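Structure first, then comments.
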Amino acid sequence: MMFPLQGRQMLQMLEKALRSSLPESLKVYGTIYHMNHGNPFKLKALVDKWPDFNTVVVRPQEMDMTDDLDHYTNTYQIYSKDPQNCQKLLDSPEVINWQQHLQIQSSQSSLNEAIQDLATTKSFQVIRSENILFLAADTANELSPSLVDTKNLLPSGSKPKDINESMFKLSSLDTTHVPLVDKFWLFGGNERSQRFIKRCLQNFPSTCVLGPEGTPASWTLMDQTGEMRMGGTLPEYRGQGLVTYVVYSQHQAMKKLGFPIYSHVDKSNKAMQKMSYQVRHVPMPCAWNQWKCIPL
């Protein structure tokens with residue numbers, strides 16, 4: 001049995017409590033932070049008990065989950081202090097609608113066993129993505145200083161090299177850029193992903209560099225969990241430091257707004273891992289996880 005937290009005071013208490021469990025709670029913490037600052041996706045937070053909770057599930061309202069095939073909208077963020085024993089809670093149809101195509105996101109790889117067991121009993125396919133979780137050093141210093149080893153960081157005043165302003169212009173994305181972002185997004189490539197990207201662009205900050213043609217050459221944006229993601233650079237402009245400049249600029253914009261800044265990088269993408277270090281984003285001891293669940 002889980003119940004929704006009602007009111008701003010409870011959500012603020014939850015946000016504060018999740019800070020003590022970073023970095024394992026990061027995906028849920030980032031989502032709750034944005035729920036406390038407008039909640040444009042109209043998400044709700046469920047807990048098993050209060051205030052001494054064990055498990056938190058953040059999910060959309062039922063009225064927004066009308067497309068059974070839209071796993072981008074049908075996304076759940078989960079944090080549990082007892083991942084080995086949370087399967088019964090996740091099994092509840094009041095918590096997760098297992099009849100739909102859906103995604104589960106978490107900074108806890110330890111949830112994998114419970115999700116795989118549910119897949120066996122409920123007959124659905126699971127496609128798991130496990131990537132490196134990066135947290136900005138200044139966010140870590142503010143939330144949990146013990147997460148950062150300053151010996152391995154670049155100096156705090158270091159900036160990426162300036163762009164060639166005769167060729168490139170710093171700007172932001174708009175909804176006309178949705179097909180381009182979607183084309184280069186690993187998890188995109190369909191009508192529903194484009195709808196999700198459009199919703200993110202309409203509600204959250206984005207940064208891009210416009211090329212000589214006046215269209216984005218490199219870009220990044222953020223999603224409803226507050227994560228910096230869906231970045232890309234056109235092939236003809238790679239190797240010029242544009243993505244470093246874009247991510248640094250987005251970082252500065254998010255920092256001014258007080259947002260926690262984090263991201264994920266594929267384990268095989270050495271170039272983006274190097275870029276993350278250059279903008280003082282540090283890898284966490286836990287991973288970024290996503291489970292795409294498809295009913296059979």
* Could you check which residue among S249, S25, S109 shows the biggest mean-square fluctuation in a GNM of the chain with a 10 Å Cα cutoff? => S109
* Calculated Rg and Dmax of the range 25-106 using C-alpha coordinates, Å -> 12.3, 35
* Quick one: compute a quarter of the convex hull surface over the Cα atoms of the range 200-296 and quote it in nm². => 8.4
* Structure fact -> If one compares the long axis through the Cα atoms of helix 112-122 with the longest principal axis of the Cα atoms of the chain, the angle in degrees, nearest 10, works out at 60
* Structure fact -> Regression test value, accessible area per residue of the range 146-273, probe 1.4 Å, units Å², expected 51
* Asked: Exactly which GluC sites (Glu not before Pro) in the range 113-200 are in a DSSP loop and have at most 13 other Cβ atoms within 10 Å?
  -> E165
* Among F41, F168, F187, residue whose mean-square fluctuation peaks in a GNM of the chain (springs only between Cα atoms under 10 Å) -> F187
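Calculated from DSSP H runs of 4 or more alone, at -39500 (n - 2.57) each and per residue, what is the 222 nm mean residue ellipticity of the chain, nearest 500?
Mean residue ellipticity at 222 nm (helix-derived): -8500 deg cm²/dmol.
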* Suppose every K and R has +1 on its Cβ and every D and E has -1 on its Cβ; what is the size of the dipole of the chain about the Cα centre, in Debye to the nearest 20? -> 580
* Per residue, what accessible area does the range 1-134 have, given a 1.4 Å probe and all protein chains present, in Å²? -> 43
* Assuming a ≥ b ≥ c are the square roots of the Cα gyration tensor eigenvalues, decide whether the range 33-191 counts as rounded (a/c under 1.5), prolate (otherwise, with a/b larger than b/c) or oblate. => oblate
* Report the relative contact order of the range 1-90, percent, no decimals, based on alpha-carbon pairs under 8 angstrom and at least 6 residues apart. => 27
* Alpha-carbon Rg/Rh ratio, for the range 108-147, with Rh computed the Kirkwood way -> 1.24
* Could you grab the relative contact order for the chain? Cα pairs under 8 Å, six or more apart, rounded to a whole percent. => 24
* To do: Could you let me know the centre-to-centre spacing of the range 158-230 and the range 71-99, using Cα atoms, in angstrom?
  => 30
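Carbon-plus-sulfur fraction of the accessible area of the chain, 1.4 Å probe, in percent?
Answer for the chain is 49 percent, counting heavy atoms of protein chains only.
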* Structure fact -> Restricted to the chain, the DSSP antiparallel beta bridge percent, nearest 5, is 95
* Structure fact -> Once all protein chains are kept in place, K274 shows an accessible area at probe 1.4 Å, nearest 10 Å², of 130
* What's the angle, to the nearest 10 degrees (0 to 90), between helix 26-35's Cα axis and the longest principal axis of the chain? -> 90
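What does the charge add up to near L46, with Lys and Arg as +1, Asp and Glu as -1, over the other residues with Cβ less than 10 Å from its Cβ?
0
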* Asked: Against the longest principal axis of the chain, how steep is helix 191-203, in degrees 0 to 90 to the nearest 10, with axes from Cα atoms?
  -> 70
* Structure fact -> Per GNM of the chain with C-alpha springs under 10 angstrom, the most fluctuating residue out of L11, L257, L221 is L257
* What is the range 252-291 by shape, rounded, prolate or oblate, if you read a ≥ b ≥ c off the alpha carbon gyration tensor as root eigenvalues and call it rounded for a/c under 1.5, prolate for a/b larger than b/c, and oblate otherwise? -> oblate
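The values are calculated or read from the model by the stated rules, or taken from the named source; none is laboratory data. Bear in mind that the values here come from a model prediction, so they are computed numbers and not experimental data. Cβ: placed from backbone, ideal geometry, glycine included. Neighbour counts: every protein chain shown. Ligands, DNA and RNA are excluded from the accessible area calculation, which covers all protein heavy atoms including side chains. Shrake-Rupley method; radii C 1.70, N 1.55, O 1.52, S 1.80 Å.
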